[in-house]
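*Asks:* One structure, as structure tokens, below. Some questions next.
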Amino acid sequence: MEANNNLISIDAIMDAKFGAVGTPERDAFRKEAHTYCMGQLIHDARKEEKITQQELASRINADKSYISKIEKGVIEPSVGTFYRIIDALGMRIDIVKPVY
């Protein structure tokens with residue numbers, strides 16, 4: 001089997017762009033990525049339920065702009081607010097212990 005010298009490690013790319021694992025820069029990137037993913041999850045679920053940001057905001061007693069910021073990944077809701085949003089969208093969260 002021949003070695004392919006054109007391959008680049010994704011770890012090396014991530015380290016170069018966002019800092020090494022365990023650095024404040026990499027931790028900040030992970031937090032930002034999680035916030036963005038949470039926003040996308042909420043956006044997609046809201047669209048699937050065919051409700052507006054205003055309607056979702058009303059269901060959880062918040063402002064439309066707050067929902068917009070969450071969906072864009074600008075802010076991360078508190079755990080309590082996240083649970084209220086999930087409930088308002090007819091979803092549920094299962095917390096399970098991983099099996100090793």
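None of the figures in this text is laboratory data; all of them are computed from the coordinates on show. These numbers come from a predicted model, not from an experiment.
*Asks:* Could you tally up the Lys pairs in the chain with alpha carbons closer than 21 Å? Skip any pair fewer than 8 positions apart unless they're on separate chains.
*Replies:* Lysine pairs meeting the criterion: 10.
*Asks:* Using alpha carbon centroids, what distance separates region 31-100 and region 4-27, in Å?
*Replies:* 30
*Asks:* What is the helix-to-structure angle for 24-49, meaning the angle in degrees between its Cα long axis and the longest Cα principal axis of the chain, kept from 0 to 90 and rounded to the nearest 10?
*Replies:* Relative to the chain, helix 24-49 is tipped by roughly 40 degrees.
*Asks:* Please compute the length gained on full extension between residue 100 and residue 7, using 0.36 nm multiplied by the number of residues separating them and subtracting their Cα-Cα distance.
*Replies:* Working: separation 93, 0.36 × 93 = 33.48 nm, distance 3.16 nm.
Taking 0.36 nm per residue and subtracting the Cα distance, the gain is 30.3 nm.
*Asks:* Right, here's the next one. Report which label in (1) 56; (2) 62; (3) 69 holds the value of percent of Cα pairs over 15 Å apart derived from the coordinates of this structure.
*Replies:* Comparing each candidate, only (3) matches the computed number.
*Asks:* Calculate how steeply helix 79-88 sits against the longest principal axis of the alpha-carbon atoms of the chain, using the helix alpha-carbon long axis, and give the answer as 0 to 90 degrees to the nearest 10.
*Replies:* 60
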